1. Do the conditions hold for residue 191, that is, is it under 16 Å from the mean Cα position of the chain (by Cα) and among the hydrophobic types (A, V, I, L, M, F, W, C)?
2. Of everything in region 302-311, what is surrounded by 14 or more Cβ atoms within 10 Å (Cβ to Cβ) and of a type outside the set (Gly, Ala, Ser)? Give them in sequence order.
3. Name the single residue that is surrounded by the fewest Cβ atoms within 10 Å (Cβ to Cβ) among those in region 400-412 being over 17 Å from residue 316 (Cβ atoms) and at pLDDT 90 or above.
4. Go through region 413-461 and give me each residue that's under 21 Å from residue 358 (Cβ atoms), in contact with a Leu (Cβ under 9 Å, 6 or more places away or on another chain) and without any contact (Cβ under 8 Å) to a residue 60 or more places away in the chain.
5. Consider residue 147 against the criteria (1) at pLDDT 90 or above; (2) out of contact with any His (no Cβ under 8 Å at 6 or more places or on another chain); (3) surrounded by 17 or more Cβ atoms within 10 Å (Cβ to Cβ): it satisfies all of them except one. Which criterion is unmet?
6. Determine whether residue 341 is aliphatic (A, V, I, L, M) and either surrounded by 14 or more Cβ atoms within 10 Å (Cβ to Cβ) or within 26 Å of residue 453 (Cβ to Cβ) (or both).
7. Go through 130, 121, 134 for me and flag whichever is touching an Asp or Glu at 6+ places or on another chain (Cβ under 7 Å), surrounded by 14 or more Cβ atoms within 10 Å (Cβ to Cβ) and within 28 Å of residue 359 (Cβ to Cβ).
8. Given the criteria part of a loop (DSSP other than H, G, I, E, B) and either more than 30 Å from residue 64 (Cα to Cα) or without any contact (Cβ under 8 Å) to a residue 40 or more places away in the chain (or both), does residue 403 qualify?
Amino acid sequence: MPTVRAGRSDIEAVSEAFRSACCVCVPRFLHVAFLLVLAAAAARAQPNLDEQQQADSHQLRFQSTAIWQGYPGFRARQSGDSSLPSTGQGRETVTATAYLGARLLPGTEIWLNPELAQGFGLNRSFGIAGFPNGDASKAGNRWPREYVARAFLRQTIDLDAERVFVPTETNQLSGSYSSRRLVITAGKLAVGDVFGDNRYSRDARTQFMNWSLLEAGAWDFASDARQYTWGGAVELILGDYALRYGSFTMPTRYNPPETTWHGFGSLHHVVELAREHVIAGLPGAVRLLGFYSRAHGARFREVLASPLPAEEAMPALRRFGTPKIGFVLNTEQALTPQLGAFHRASWDDGRSEDISFTQIDRSLSAGLSLAGTSWQRPNDTLGLAGAVNAISHGHRSVLRAGGTGLIVGSMQSYSEEYIGEIYYNAALPMRGVSLAANFQIIGHPGYDSARGPVFVFGGRLHFAID
């Protein structure tokens, strides 16, 4: 994607966008639409510079995304704690992010991502394990709230003289690097910035929006309520192969504003082996990921054995150092120049409660992504995908006994949760602006067989200066 250099008008537009988003004198959704129009007009005036094979010394990018979702009433023979209301609901979320980066020394980059967020997911992001809005956090705000999403250093160490050009991406400066290199990243970031990539389903702001399609559902990766954390990662890249290891701080309770250091006995460890390949001239990749966490959590066996009711036993039995282990198989493959497929399968041991992401112990997802070239809309995308989520026997027994968890609560009768999603993302005439229609069907939300299906209708307005 060509890069737009941030001139004076870009910076003024971004600054004005952040100031405008903090005001509350006009309706929030109209306000964000106005913000996008102003920024799009500024971006459209900038020349489209061809910087192929040119190294960046700095980067300024900006994105803003507004998502609206709603569902009509649905069948629910019973409801429990944290259940999705059966009477229907509509909610919106808005995010705005600046991506600021600079090259300090050869191979050394520094990054800062100030971010602003407003709004709530449906039912404040509770009641569905595969939640339908990937831009919704479990700590929503009625009015815009600013925070630092990322602040990290990256050091690249070349291991031989052979060079390949790495193009510019979000939070990645373009440049010439060795095909065999060591990359060290440390600071505040999202675990998914380094691990679990997938070109067809990774960004809720432009692709699929359901949590169990954006990530491996059973991967309870370290994060705060907004999916950021502190830690570091080391990547050994050897041509088409990559070996990665990272360690990150875990939260000490559900949905905190920040993760905190609580010693080496409360960390999330990740190892990933990845291989990129070409089949019949079409690119693809296979990634195998393993994780091991020690966190402040309760073991399901101890909760069920306790004389206390489950809802009281869970907090009483939480201990630092509670372990969780799991695996993820993550694949992507271009089937034609316009059509791509992805697949994720994930599993964790299901012996202790989830702390960071969502309540899934087994998940299988797959989908297709089609560019609109055949109908003369090459920048449009049509996506179709599905997922099946499940929890372990001990996990469901605790919920049946009245316990509640990170995102779903008590139930009477268990069934797997089924997700289907289709979206169409259309590029608008103003460069960098897209509009998407989204529909999801969710069977047995929160693993309760007496509830659903839920039909979730959504729309998304996205703007980016690249």
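The values are calculated or read from the model by the stated rules, or taken from the named source; none is laboratory data. This is a predicted model, so every value here is computed, not measured. For neighbour counting, all protein chains shown are included, and Cβ atoms are generated from backbone atoms with ideal geometry for every residue, glycine included.
1. On the way: under 16 Å from the mean Cα position of the chain (by Cα): yes; among the hydrophobic types (A, V, I, L, M, F, W, C): yes.
Here the answer is yes, as residue 191 does meet what is asked.
2. If the condition is that a residue be surrounded by 14 or more Cβ atoms within 10 Å (Cβ to Cβ) and of a type outside the set (Gly, Ala, Ser), then 302, 303, 304, 311 are the ones that fit.
3. Residue satisfying both the conditions and the ranking: 400.
4. Within region 413-461, 414, 420 meet the criteria.
5. (3)
6. yes
7. Just a single option satisfies the conditions, and that option is 130.
8. On the way: part of a loop (DSSP other than H, G, I, E, B): yes; either more than 30 Å from residue 64 (Cα to Cα) or without any contact (Cβ under 8 Å) to a residue 40 or more places away in the chain (or both): yes.
The answer is yes for residue 403.
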